[in-house]
Structure formats: C-alpha cells, structure tokens
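Let me begin by presenting the structure, written as structure tokens, before commenting on it.
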C-alpha cells in the first residue's frame with residue numbers, strides 16, 4: 001500500500017474534530033476488517049474436509065486464488081477513509097442530548 005497524505009483539516013471537517021474523525025475511522029476500520037475476515041473464513045471453509053483432494057494442484061490453485069483476492073484488496077483503514085470522504089459513514093455523538 002502506497003502512503004497517501006490526507007489533509008487534516010478535510011478529515012476534521014467531517015466530524016468537527018480531528019480526534020472524533022480518527023475515532024470514527026478506527027471503529028469503521030475494525031468493522032470492515034471483521035467483515036472481510038468472516039467472508040474469507042467462509043470461503044476457505046469450503047476447502048475443509050477435502051483432505052485427499054488438497055493434493056490436487058487445481059484445488060490448491062483455487063485456494064491460493066481465493067487467499068490472494070483478499071490480500072490484494074485495499075486495507076480496511078483505507079476503505080474507511082474513502083467511505084468517510086464519500087459521505088458513506090453515518091455517526092452521531094453520544095454525548096449530545098437530542099431532547100434539549
């Protein structure tokens with residue numbers, strides 16, 4: 001992953017505070033990461049129970065292709081930042097009294 005600089009002011013604009021933005025990105029990144037891990041585990045679970053077939057090179061290629069597909073995806077943090085910039089992340093401040 002290449003390092004990209006992000007304007008801190010633009011990042012802070014999304015929540016009004018740079019620290020809130022980072023906290024939101026951190027939480028969203030963890031959500032994305034756990035979702036991707038669950039997807040990968042489900043796909044790799046298909047290969048369990050095929051002990052004799054695991055020796056077949058075609059079977060190994062398919063398993064390798066599945067693993068590489070997930071390795072080549074963007075990092076969860078990068079996905080979260082992109083989602084924030086596109087306005088796809090909804091969050092609210094739990095410290096604000098909505099009834100006031």
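No value in this document is a laboratory result; all are computed from the given coordinates. Quick caveat: nothing in here was measured; it's all calculated off a predicted structure. Quick reminder, even Gly has a Cβ in these numbers, built from the backbone with ideal geometry, and neighbours come from all protein chains shown.
Some observations on this one:
- FRET efficiency for the residue 70 to residue 7 pair, using the beta carbon distance and R₀ = 35 Å, is estimated at 0.70.
- Segment 8-86, relative contact order in percent, only Cα pairs under 8 angstrom and at least six apart counted: 42 percent
- Between helix 18-45 and the chain: long-axis angle, C-alpha atoms, 0 to 90°, nearest 10: 20 degrees
- Counting only alpha carbon atoms, the long axis of helix 57-71 and the longest principal axis of the chain meet at about 10°.
- Choice from 56, 88, 41 showing the highest fluctuation, given a GNM over the chain with Cα pairs closer than 10 Å: 56
- Rounded to 10°, Cα long-axis angle of helix 76-86 versus longest principal axis of the chain: 40 degrees
- Overall Cα dimensions of the chain - principal axes, largest extent first, Å: 65, 35, 17
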